[in-house]
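Some notes on the structure that comes next.
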Amino acid sequence: MSVDDAVPFALPLSRRFRGTELREGVLLRVGGTWGEWAPFPEYDDTTAARWLEGALEAARDDWPAPRRDSVEVNAIVPALDPGTVTRLVVDAVTADGCTTVKVKVGERGQAFAEDVARVAAVRAALDDCGAAGGRVRVDVNGAWTVDEAAVRLAVLDDIAEGLEYAEQPCATLEDMAALRGRTEVRLAVDEGVRLAADAAGDLADRVRAAADVLVLKAVPMGGVRRSLAVAEAVGLPVTVSGALDSTVGLSAGLALAAALPDAPYACGFGTGRLLAADLTGQTALPRDGRLSVVRHAPDPTRLSEARSRVDGSRARWWLDRLGRCLDVLGERS
């Protein structure tokens, strides 16, 4: 293979997120540098191969020079009950200094009333912590129809005392464009760009018609350099987000946020508190609401522990998947 080492790993989460309690992936080494490849299991090989492009870019140390040495970070609130949400926000403000909170809504199997209660708990917790000027954004992951989104965003916007934006409220760019004429809330597009083939030409025009903000995830997009090209083609303000990364994987997102011509919105790098274990000796957590732009390397002991959580059949599944995706990219030697 075109990598010198490939180590499957598994990291337990501190609470259920995105339907899982265990984050799996493969750490790739080229020479003395590591990249993280962790496409979610349900993605097909074509999508996973794009993640692999980003991981190989990281492992080959092929990132552009940074323009800033730290970036603002938002906290993240999963689809949890109001009491747990309150504790998370209090920790985010008092321990990490984060005053922008992204709230997951539209969770499968939950009622909209639960979204309302969650956003209300976030707003109240920010106010009670002395962060009355804190911003609330919601992430719907494409779960709503246009009609649902038009009604529900108005409710959540009122409860949040003004949403910063709503991320991917509808699944398609066409639906988001239709929604844009029916809501005063700014709309952000994530999956609508990330899962598309490219963002050149017609797609860039469709994104601009559908959204006010562009959400980019460095490794899932195919790497930092490709993400920068997409940002330039689309021309919207950018939020850089993670993908439930380890601290090693988070380095790619930091590199992208640092390389953008203009400072992005608060970045979605506040997932460190969702990890119950990490690949580094210390998990990267915001300080005063910011993270330093640093490339993080794995700690050998932590990596060994993470490898031991993957049994033989699961390790083979990941390595077989890696081989197929290397073939997609023409990278198998």
Is one or more of the residues making up segment 298-310 in contact (Cβ under 8 Å) with a residue 12 or more places away in the chain, touching a Ser or Thr at 6+ places or on another chain (Cβ under 7 Å) and β-branched (Val, Ile, Thr)?
no
Tell me which residues, restricted to segment 292-333, are within 26 Å of Leu254 (Cβ to Cβ) and acidic (Asp, Glu).
Asp299, Glu305, Glu331
Give me a count of the residues in segment 162-189 that are in a helix (DSSP H, G or I) and in contact with a Gly (Cβ under 6 Å, 6 or more places away or on another chain).
1
Does Gly249 satisfy the criteria of being in contact (Cβ under 8 Å) with a residue 60 or more places away in the chain, buried (at least 21 other Cβ atoms within 10 Å of the Cβ) and at positive phi?
no
Conditions first: (1) within 24 Å of the chain's Cα centre (by Cα); (2) surrounded by 15 or more Cβ atoms within 10 Å (Cβ to Cβ); (3) modelled with pLDDT of 95 or more. Thr271 passes all but one, so which condition is the exception?
(3)
Considering residues that are outside any helix (DSSP H, G or I) and either surrounded by 16 or more Cβ atoms within 10 Å (Cβ to Cβ) or in contact (Cβ under 8 Å) with a residue 60 or more places away in the chain (or both), the number found within segment 59-94 is 20
Determine whether segment 162-176 contains at least one residue that is buried (at least 23 other Cβ atoms within 10 Å of the Cβ) and under 21 Å from Leu13 (Cα atoms).
no
Just checking, does segment 148-155 include any residue being of a type in the set (Val, Ile, Thr) and under 20 Å from the mean Cα position of the chain (by Cα)?
no
Which one is surrounded by the fewest Cβ atoms within 10 Å (Cβ to Cβ), of the residues in segment 304-318 that are in contact with a Pro (Cβ under 9 Å, 6 or more places away or on another chain) and outside any helix (DSSP H, G or I)?
Arg309
Could you please give the count of residues in segment 28-75 that are of a type in the set (A, V, I, L, M) and in contact with a Pro (Cβ under 6 Å, 6 or more places away or on another chain)?
2
Go through segment 7-42 residue by residue and tally those that are buried (at least 18 other Cβ atoms within 10 Å of the Cβ) and assigned to a strand (DSSP E or B).
18
Given the structure, is Gly142 surrounded by fewer than 21 Cβ atoms within 10 Å (Cβ to Cβ), in contact with a Cys (Cβ under 7 Å, 6 or more places away or on another chain), under 27 Å from Ala252 (Cβ atoms) and in contact (Cβ under 8 Å) with a residue 40 or more places away in the chain?
yes
Residue pairs, Cβ under 7 Å, 6 or more apart or interchain, first in segment 103-115 and at positive phi, second assigned to a loop (DSSP other than H, G, I, E, B) and of a type in the set (A, V, I, L, M). List them.
Gly106/Val140
The residue that is surrounded by the fewest Cβ atoms within 10 Å (Cβ to Cβ), considering only those in segment 220-242 that are in contact with a strand residue (DSSP E or B) (Cβ under 7 Å, 6 or more places away or on another chain) and over 17 Å from Asn74 (Cα atoms), is Leu236
The one condition in (1) assigned to a loop (DSSP other than H, G, I, E, B); (2) closer than 19 Å to Ser241 by Cβ that Gly192 fails to fulfil
(1)
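The values are calculated or read from the model by the stated rules, or taken from the named source; none is laboratory data. Keep in mind the model is a prediction, meaning the values are calculated, not measured. Don't worry about glycine lacking a Cβ; one is built from the backbone with ideal geometry, like all the others, and counts go over all protein chains shown.
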